[in-house]
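The values are calculated or read from the model by the stated rules, or taken from the named source; none is laboratory data. Since we're looking at a predicted model, the values are computed, not measured. In this analysis, Cβ positions are derived from the backbone assuming ideal geometry, glycine residues included, and neighbour counts consider all displayed protein chains. All accessible areas refer to the heavy atoms of the entire protein, side chains included, with ligands and DNA or RNA removed. Shrake-Rupley method; radii C 1.70, N 1.55, O 1.52, S 1.80 Å.
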Amino acid sequence: MKQAVMVSPGKIIVANVEDLVDIKDNQILLNIKKIGVCGSDIHVYHGKHPFTPFPVVQGHEYSAVVMKVGKQVKDFAVGDYVTARPQLTCSQCGPCRKGNYNVCTNLKVEGFQAPGVAQDLFAVDADRAYRIPKEISLDHIALIEPAAVGAHATAKIENIVDKNIVVMGAGPIGNLIAQFALIRGARSVVITDFNAFRLEKAKEVGIANTINLATEGFEAGILRIFGTVGFQVGIEAVGVNAALDNLVNNIEKGGEVIIVGVYEEHPNLNMGFVCEHELTIKGSMMYKDEDYKEAISFLCHNKLVLDPLITHRFDFIDYQKAYEFIDVNSKDIMKVIIDVN
């Protein structure tokens, strides 16, 4: 079978390896169909992801078809459309015992600290997998993982109904967070970016209020949209210090700031300001089972708009070219899909 291995920063090799045939009794064997490339993957490609060693087989957001079912598996059948959470957890640490396995002390994530799905066949434990109705396209199924990030981040907001929310970053994650905030009943949602292309994509999925930071200051944009009411929740989805500063410095006193972005460098934060304004700063790490299920439910009920997010696709054999293309054309890209089989 084919397998794509990132052997070092900036270098991906597609090789033929031995077919995966044997699986454990609690596993299902998947024929991988579509893989989405995300911002964290690109951090790895640049050698700047803080928790990923080389070599690594990437791929953690994907769609697949079941090829084989383990003896103990009852809920899946050959031919099912599926995806799965990529989290490998210990079940023994304090967070796991409390049900917070998304922040497991010994967490490994497929595609980062454990082999991912960038290959023809992949075995996954059935208790991390989700059967998806075949009415849902394989492209859309591959976007359930980033959608679950949006589900988890917005679920952390206290009493979201009737609050004004600002999402910093109009990439796929920021876009999906904004969509979830609207679905959950926020009064109004604003998404910001320096990228006009991504802001236009936000409007295509129904996020009417945008601030182009290349042409308008953050404070001026907030005043234009919210007036003196301001905003009560800020979500940082780019991993850039300036974005975090804009939220902390302008949010209503007593507001919440949720951090989703992956930072290549440690940000500076004015903790005195956070204290004096009694702000709540929260991290949001990946997702849990309920977030995947909610993302799937919203997708099946046509509440999420995903087609505008898929802007480019590459054949599996061109994995390296896909990353090179993203590097050169990042301003004109939302989601790149790798067609595996």
| note | Only unsatisfied item for PHE194, checking (1) touching a residue at least 24 places away in the same chain (Cβ under 8 Å); (2) open to solvent by 10 Å² or more (accessible area, probe 1.4 Å), is (1)
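Quick one: in segment 230-242, of everything that is part of a strand (DSSP E or B) and among the aliphatic types (A, V, I, L, M), which residue is farthest from the chain's Cα centre (by Cα)? Don't jump to the end; show me each part of the working.
Residues of segment 230-242 part of a strand (DSSP E or B): 233-236.
After this cut, where a residue has to be among the aliphatic types (A, V, I, L, M) as well, the list is 233, 235.
Numbers: VAL233: 20, ILE235: 14 Å.
Here the answer is VAL233.
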| request: State which residue pairs qualify: first residue modelled with pLDDT of 95 or more and inside segment 56-67, second residue open to solvent by 10 Å² or more (accessible area, probe 1.4 Å) and of a type in the set (Val, Ile, Thr) in any location, beta carbons under 6 Å apart, and separation of 6 or more residues or different chains. | output: VAL57/VAL5; VAL66/VAL78
| Hey, ILE157 in contact with a strand residue (DSSP E or B) (Cβ under 9 Å, 6 or more places away or on another chain), open to solvent by 10 Å² or more (accessible area, probe 1.4 Å) and of a type in the set (Val, Ile, Thr) or not | yes
| field | strands (runs of 3 or more DSSP E) completely within segment 1-94 that count 2 or more residues being open to solvent by 30 Å² or more (accessible area, probe 1.4 Å), under 25 Å from MET286 (Cα atoms) and touching a helix residue (DSSP H, G or I) at 6+ places or on another chain (Cβ under 7 Å) | value | 27-37
| message | If HIS152 satisfies all but one of (1) touching a His at 6+ places or on another chain (Cβ under 8 Å); (2) in contact (Cβ under 8 Å) with a residue 60 or more places away in the chain, what's the number of the condition it fails? | response | (1)
| note | Among residues of segment 256-299 being polar (S, T, N, Q) and at pLDDT 95 or above, the residue surrounded by the fewest Cβ atoms within 10 Å (Cβ to Cβ) is SER297
| Are any of the residues in segment 216-229 part of a helix (DSSP H, G or I), of a type in the set (S, T, N, Q) and open to solvent by 30 Å² or more (accessible area, probe 1.4 Å)? | yes
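Taking segment 197-215 as the region of interest, how many residues are of a type in the set (Gly, Ala, Ser) and open to solvent by less than 10 Å² (accessible area, probe 1.4 Å)? Step through it out loud before you land on a result.
Keep residues of segment 197-215 that are of a type in the set (Gly, Ala, Ser), which gives 202, 206, 208, 214.
From the residues that got through so far, the ones that are open to solvent by less than 10 Å² (accessible area, probe 1.4 Å) too are 202.
Number of matching residues: 1.
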| message | Being touching a residue at least 12 places away in the same chain (Cβ under 8 Å), under 24 Å from PHE51 (Cα atoms) and within 18 Å of the chain's Cα centre (by Cα) is true for just one of ASN102, ASN106. Which residue is that? | response | ASN102
